[in-house]
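K.L.:
My questions will all concern the structure given below.
The values are calculated or read from the model by the stated rules, or taken from the named source; none is laboratory data. No experiment lies behind these values; they were computed from the predicted model shown. Because the Cβ atoms are built from the backbone with ideal geometry, glycine has one as well, and the counts that use them run over all protein chains shown. Note: areas computed on protein heavy atoms with side chains; ligands, DNA, RNA excluded. Shrake-Rupley method; radii C 1.70, N 1.55, O 1.52, S 1.80 Å.
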Amino acid sequence: RRQRALLWAVLLAAWEAAWGQLRYSVPEEMPKGSFVGDVAKDLGLQLPALREHGVRILDKGRTQYFALHGKTGHLVTAERIDREQLCERVQRCLLRCELVVEGEMQVYGIQVEITDINDNTPSFRDAETELRMSETTAPGSRFPLPDAHDPDAGRNSLQSYELSGDEHFSLAVQAGPGGDQRPELVLAKALDREEAAFHELVLRASDGGDPARTGTARIRVTVLDANDNAPVFSQAEYTVRVAEDVPLGSVLVTVTATDADEGLYGHVKYSFNKITEKISQIFQLDSGTGAITLLKSLDYEEGDSYELELQAHDGGGLYDTAEVVVTVTDVNDNAPELTVSSALSQISEDAPSGTVVALLHVQDRDSGANGEVRCSIDEGVPFRLEKSFDDYYRVVTVRELDREQVPEYNVTLVLTAVDGGEPARSGTVQIRINVTDLNDNPPVFTKSVYEARVAENLPAESLVLRVQATDADAGTNGRVSYSFSNVPGAISSLFAVDSENGEIRTAGLLDFEEKSKYVFGLEARDGGGLVSHCKVQIEVTDENDNAPEI
């Protein structure tokens, strides 16, 4: 059967690229790693391009039910999926995730329909139910029976009921407002307590699967003496509106029913008639007072309305039914969440205006005005926000950057959820972007002309003067070296320049009587090849190094 289900999933899998969305279908309960769809094929990507473009499923901090197989480009299940657990009371079960192609700064929505298999048996909340009937109850009277619950969908869900027992009772099935089946016990033959004080029946519920699954409940009917008044609720429907942050233990509403009989027949008790396991964990009904209290915190985002069906029973088995509708109102209890889906760690200072540096996702789990989000960015930074896809934004440059002015940017995005209350909730995220250097600055000498006076006959390697040039660039582009600029050999034989620190020292003996002034050029060159020049003037002073000649 599981092989047929897998074949069915493969045949049903389809995709749709309209508005950047892919659609697939897969049966529930498939093993981890089962094939869902060929994402690489559907997006037109070759397998080597998957790694080059950085294709991945976005992690939003919640359970990931799907994964992308890096070698095949297939979308596969990340774990076993239980449709009934994920999509309770939902006819069509859809799971969504986002796939980002970082190389293209593109986001695709993926929608996977989880189809149902017949993996649940119809079950009754109680294995045994007791009904109490007066022996004067007229034939044809109807009594509600416990209904079975089958979380499967379609034909795999609950389809029929059968009753076995004795000739006094038959089964009728009514359609509820939502199309559900509600079994009723019909008294077919008058009861006689002296003949039989108890009747044992079996109610069987079946689904439409192949093969069908069945569940049973035992019905015990106790025959009582006459009781001619049934309880009556004060209202057929009770409605109550509560905020989702109402404290635990709060009484939401108290229902009341009265019975005109006296004694045991006039004593009323309350119970839930039709309720799911989930609702029974949220609400509690006091059988004596009719007060409904809160057991578990409400969350508008998980459920905004609950319908509870109640019964009021007297001691003789007569009853009345009423419905309680609990409407949950939203409060601004969730702050906007901003996550960085993809971001550059560095950008060149010559990057053109409009370069995308980050891809962001913003969401607020609240509803209505409480979930409306306004996104803004720090003022005074050369970036702006652009809407991308759905709740995604791009951070782009608005002009060329200058590393020499600002080598690093810390971009802070502030989100505010605008609602009717005060204060509004907000969320922030910080992105750090390093600006890489471009060789756009030449070396600059501290002077255009350097002058020095030295005595003649100084020993070799004596320091004459030191030139200095600075470069605003970084790294190799900012490293400066010094050298002569087209000087004759006579100069280079008398002076030497240190390429690292710019010191000019003597290389040979200076002779005032031979030449008293030297003028030559120097150049400073950075690692990127940019050059600047300066002029050096050295005056040689006379020493008394010659005797008079006659």
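K.L.:
Which of the strands (runs of 3 or more DSSP E) found entirely inside the stretch 494-542 contain at least 2 residues meeting this: of a type in the set (Ser, Thr, Tyr) and in contact (Cβ under 8 Å) with a residue 12 or more places away in the chain? Outline the logic, then answer.
P.N.:
Details: elements: 495-497, 503-506, 517-526, 531-541.
Fully inside the stretch 494-542 and qualifying: 531-541.
K.L.:
Just checking, which of Arg96, Arg142 is of a type in the set (Lys, Arg) and at pLDDT below 90? Talk me through it step by step, then tell me what you get.
P.N.:
Numbers: Arg142 fails: at pLDDT below 90.
Every option except Arg96 fails the conditions.
K.L.:
Then there's this: Of the residues that make up the stretch 227-249, is at least one under 47 Å from the mean Cα position of the chain (by Cα) and under 29 Å from Ser164 (Cα atoms)?
P.N.:
The first filter runs over the stretch 227-249 and keeps only residues under 47 Å from the mean Cα position of the chain (by Cα), leaving 233-249.
From the residues that got through so far, the ones that are under 29 Å from Ser164 (Cα atoms) too are none.
The answer is no; no qualifying residue exists.
K.L.:
Quick one: Thr293 ticks every box in (1) at pLDDT 90 or above; (2) farther than 16 Å from Ser234 by Cβ; (3) open to solvent by 40 Å² or more (accessible area, probe 1.4 Å) except a single one, so which number is it?
P.N.:
So Thr293 meets the others, but not (3).
K.L.:
Could you list, in sequence order, the residues of the stretch 132-150 that are part of a strand (DSSP E or B) and either surrounded by fewer than 17 Cβ atoms within 10 Å (Cβ to Cβ) or out of contact with any Pro (no Cβ under 9 Å at 6 or more places or on another chain) (or both)?
P.N.:
Step one: list which residues in the stretch 132-150 are part of a strand (DSSP E or B), which gives 132-134, 142-144, 148-149.
Passing the criteria: Arg132, Met133, Ser134, Arg142, Phe143.
K.L.:
Just wondering, is there one or more residues in the stretch 211-225 that are under 30 Å from Tyr265 (Cβ atoms) and either hydroxyl-bearing (Ser, Thr, Tyr) or part of a loop (DSSP other than H, G, I, E, B) (or both)?
P.N.:
Initial filter on the stretch 211-225 (under 30 Å from Tyr265 (Cβ atoms)): 217-225.
If we keep only those that are either hydroxyl-bearing (Ser, Thr, Tyr) or part of a loop (DSSP other than H, G, I, E, B) (or both) too, we end up with 222, 225.
Yes, the stretch 211-225 contains at least one residue that is under 30 Å from Tyr265 (Cβ atoms) and either hydroxyl-bearing (Ser, Thr, Tyr) or part of a loop (DSSP other than H, G, I, E, B) (or both).
K.L.:
Then there's this: Given the criteria within 25 Å of Pro442 (Cβ to Cβ), of a type outside the set (A, V, I, L, M, F, W, C) and open to solvent by 30 Å² or more (accessible area, probe 1.4 Å), does Gly521 qualify? Please lay out each step first, then the result.
P.N.:
On the way: within 25 Å of Pro442 (Cβ to Cβ): yes; of a type outside the set (A, V, I, L, M, F, W, C): yes; open to solvent by 30 Å² or more (accessible area, probe 1.4 Å): no.
So Gly521 fails the test.
K.L.:
Please find, within the stretch 95-115, the residue that is least open to solvent (accessible area, probe 1.4 Å) out of those that are more than 24 Å from Leu359 (Cβ to Cβ) and touching an Asp or Glu at 6+ places or on another chain (Cβ under 8 Å).
P.N.:
Selected residue: Ile114.
K.L.:
Restricting the search to the stretch 68-89, which residues are among the hydrophobic types (A, V, I, L, M, F, W, C) and touching a Ser or Thr at 6+ places or on another chain (Cβ under 8 Å)? Break it down stepwise before answering.
P.N.:
Our first condition is that a residue be among the hydrophobic types (A, V, I, L, M, F, W, C); within the stretch 68-89, this holds for 68, 75-76, 78, 81, 86-87.
Matches in the stretch 68-89: Val76 only.
K.L.:
Would you pick out the residues in the stretch 500-516 that are farther than 27 Å from Asp545 by Cα and open to solvent by 50 Å² or more (accessible area, probe 1.4 Å)?
P.N.:
In the first step, residues of the stretch 500-516 are kept if they are farther than 27 Å from Asp545 by Cα; the result is 500-503.
The one that is farther than 27 Å from Asp545 by Cα and open to solvent by 50 Å² or more (accessible area, probe 1.4 Å): Glu500.
K.L.:
Please verify whether Thr254 is surrounded by fewer than 13 Cβ atoms within 10 Å (Cβ to Cβ) and closer than 15 Å to Val326 by Cα, treating the condition exactly as stated. Spell out the reasoning first.
P.N.:
Numbers: surrounded by fewer than 13 Cβ atoms within 10 Å (Cβ to Cβ): no; closer than 15 Å to Val326 by Cα: yes.
No; evaluated as a whole, the condition is false for this residue.
K.L.:
Only residues that are part of a loop (DSSP other than H, G, I, E, B) and touching a His at 6+ places or on another chain (Cβ under 8 Å): list them for the stretch 258-307, please.
P.N.:
Across the stretch 258-307, the qualifying residues are Asp259, Val268, Thr276.
K.L.:
Okay, moving on. Select from the stretch 213-229 the residues that are aliphatic (A, V, I, L, M) and at pLDDT 90 or above and write down the one among them that is farthest from Asn118 (Cα to Cα). Give the derivation first.
P.N.:
From the stretch 213-229, those aliphatic (A, V, I, L, M) are 217, 219, 221, 223-224, 226; that's our starting set.
Now restrict to residues that are at pLDDT 90 or above: 217, 219, 221.
Numbers: Ala217: 21, Ile219: 27, Val221: 33 Å.
Among those residues, the one meeting the criterion is Val221.
K.L.:
Return the total of residues in the stretch 352-387 being surrounded by fewer than 19 Cβ atoms within 10 Å (Cβ to Cβ) and not in a strand (DSSP E or B).
P.N.:
Qualifying residue count for the region: 15.
K.L.:
Could you check, for the stretch 179-195, whether at least one of its residues is among the aliphatic types (A, V, I, L, M), part of a loop (DSSP other than H, G, I, E, B), farther than 25 Å from Asp126 by Cα and in the same structural domain as Gly290 (by the TED database)?
P.N.:
no
K.L.:
Only one of Asn546, Asn486 is at pLDDT below 90 and either under 55 Å from the mean Cα position of the chain (by Cα) or closer than 20 Å to Val454 by Cα (or both); which?
P.N.:
Details: Asn486 fails: either under 55 Å from the mean Cα position of the chain (by Cα) or closer than 20 Å to Val454 by Cα (or both).
From the options Asn546, Asn486, the qualifying one is Asn546.
K.L.:
When you check Leu203 against the structure, is it at pLDDT 90 or above, surrounded by 18 or more Cβ atoms within 10 Å (Cβ to Cβ) and among the hydrophobic types (A, V, I, L, M, F, W, C), yes or no? Lay out the reasoning, then the answer.
P.N.:
Values: at pLDDT 90 or above: yes; surrounded by 18 or more Cβ atoms within 10 Å (Cβ to Cβ): yes; among the hydrophobic types (A, V, I, L, M, F, W, C): yes.
So Leu203 fits the description; yes.
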